[in-house]
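The values are calculated or read from the model by the stated rules, or taken from the named source; none is laboratory data. All values derive from a computational prediction rather than experimental measurement. Cβ placement follows ideal geometry from the backbone for every residue including glycine, while neighbour counts extend to all protein chains displayed. Note: areas computed on protein heavy atoms with side chains; ligands, DNA, RNA excluded. Shrake-Rupley method; radii C 1.70, N 1.55, O 1.52, S 1.80 Å.
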Amino acid sequence: MPSLSSSRLRGAIVPAIAIVLWEVFFRVYGVQSDAFAAPSVTLQKGVQALLDGALLQATVQTVGAALGGLAIGALCGVSSGIALGLCMPAYRLFNVSIELIRPIPSVALIPVAMLVFGFGYRMEMAVVAFSTVWPLLILTRSAIGSVEPRLLEVAHVIGLSPWARIRKIILPAALPRIIVALRLAIGIALVVAVTVEIAANPLGLGYGMLIAQQSLDPGLMLALLLWIGLLGWALNILMDKVQHRLLRGPGDGGAA
């Protein structure tokens, strides 16, 4: 069975061919464009931004706001999902409100967040938190609702306290689906953070892309765009490793 690293290596063949063809096209035809740049120019601009510190600073700003908002959204979403999953009357009471608020686009809250928090991290984190709380809440509630009822009956028979039931039975049973929700939410958090920076917040990678576009610097704009894609890819790999570590069985420690 092919290893994960070899699968990723084969998966890189198509992008590598596309980059080579892209470079050849620009060099052979001498294309001049305000919207696109050759891969070599894009790489040069990216390295320049990395060396002068601008790329690192913008990355810290964007990832910090995305993860901060995700932390708030995860805390609210997972805790609310557990509560609604354990208490059906509460779920019936709040279900209509959730379904009315959940479809609101997160970017539509930018004007409200700006009035409340002004420019900066707090505004961006608030919008990210709003966008991530709903998938976490819904998937957590669904995971709690799918816990085997007999396990809860056994917990009641042996006299476990409500907190002990949550900690020893409910959370371990629901953990795989909660982690899937977190993997979904971390991608949403990065997308929304960049969107907020492009639309309204003068910091981070999104704002850097906006400035590059206004300065007619497609090389830098594409370098930042590709860097955002690499960040999303890296965060997904990180969450994949966390998922495998948390869900690995006791006998899997020596598995290849």
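Let a ≥ b ≥ c be the square roots of the eigenvalues of the Cα gyration tensor of the chain; is it rounded (a/c under 1.5), or, if not, prolate (a/b larger than b/c) or oblate? Since a/c reaches 1.5 but b/c is at least a/b, the shape of the chain is classed as oblate. Per residue, region 109-205 exposes 49 Å² of solvent-accessible protein surface, assessed with a 1.4 angstrom probe and all protein chains in place.
In a shell of Cβ-Cβ distance under 15 Å around Lys45, excluding Lys45 itself, what net charge do Lys and Arg (+1) and Asp and Glu (-1) give? Each step should come with its number before you reach the end.
On the way: positive: none; negative: Glu23, Asp34, Asp52, Asp217.
Charge balance near Lys45 sits at -4.
How long are the three semi-axes of the equivalent ellipsoid for region 117-256, computed from the Cα gyration tensor as the root of 5 times each eigenvalue, in whole Å, largest first? All intermediate terms of the calculation are to be shown ahead of the outcome.
On the way: eigenvalues 332, 75, 18 Å².
Over the Cα atoms of region 117-256, the ellipsoid semi-axes are 41, 19, 9 Å.
For region 126-249, the relative contact order comes to 26 percent (Cα pairs under 8 Å, sequence separation of at least 6). Between the alpha-carbon centres of region 50-80 and region 113-146 there is a gap of 13 Å. Placing dummy labels 7 Å off each Cα toward the beta-carbon, the span from Arg183 to Leu51 is 3.9 nm. Taking region 129-155 and a reference point 7 angstrom along Cα→Cβ of Ala173, the backbone N atoms nearer than 14 Å belong to 141-155. For a test of the definition: using alpha carbon positions, the gyration tensor, and the 1.5 limit on a/c, classify region 128-191 as rounded, prolate or oblate. It is prolate, given that a/c is not under 1.5 and a/b is the larger ratio.
Within the accessible area of region 129-256, what % is carbon and sulfur when the probe is 1.4 Å and the other protein chains stay in place? If you can, show how the numbers build up before the last one.
Numbers: 4630 of 6870 Å².
Carbon with sulfur: 67 percent of the solvent-accessible area.
How long are the semi-axes of the equivalent ellipsoid of region 60-171, taking √(5λ) for every eigenvalue λ of the Cα gyration tensor, in whole Å from largest down? Before the final figure, lay out the partial values.
Values: eigenvalues 223, 50, 18 Å².
Values for region 60-171, descending: 33, 16, 10 Å.
Take the Cα of Gln213, go 7 Å toward its beta carbon, and the backbone nitrogen atoms of region 89-111 under 20 Å from that spot belong to 105-111. Answer rounded, prolate or oblate for region 56-120, using the Cα gyration tensor with square roots of eigenvalues a ≥ b ≥ c: rounded when a/c is under 1.5, else prolate when a/b is larger than b/c, else oblate. Oblate shape, in that a/c is at least 1.5 and b/c is the bigger or equal ratio.
What does the net charge come to around Cys76 if you take all other residues with beta carbon closer than 15 Å to its beta carbon, with K and R at +1 and D and E at -1? Please list the in-between numbers first.
Details: positive: Arg102, Arg141; negative: none.
Here the charged neighbours net out to +2.
Take each complete run of DSSP H in the chain, measure how far its Cα atoms stretch along the helix's own axis, and keep only those covering 30 Å or more with mean Kyte-Doolittle hydropathy at least 0.0; list them. Passing helices, by number: 54-86, 121-145, 171-199, 218-247. Only Cα pairs under 8 Å and 6+ residues apart enter the sum, and on that basis the relative contact order of region 109-190 stands at 40 percent.
A Förster radius of 30 Å combined with the Cβ-Cβ distance from Val154 to Trp233 puts the calculated FRET efficiency at roughly 0.10.
Would you calculate, for the chain, the mean residue ellipticity at 222 nm contributed by helices, counting each DSSP H stretch of 4 or more residues as -39,500 (n - 2.57) and dividing by all residues, to the nearest 500? Walk me through the numbers on the way to the answer.
Details: 12 runs with 201 residues, N = 256.
The per-residue figure over the chain is -26500 deg cm²/dmol.
Rolling a 1.4 Å probe across all protein chains gives Lys241 an accessible area of roughly 130 Å².
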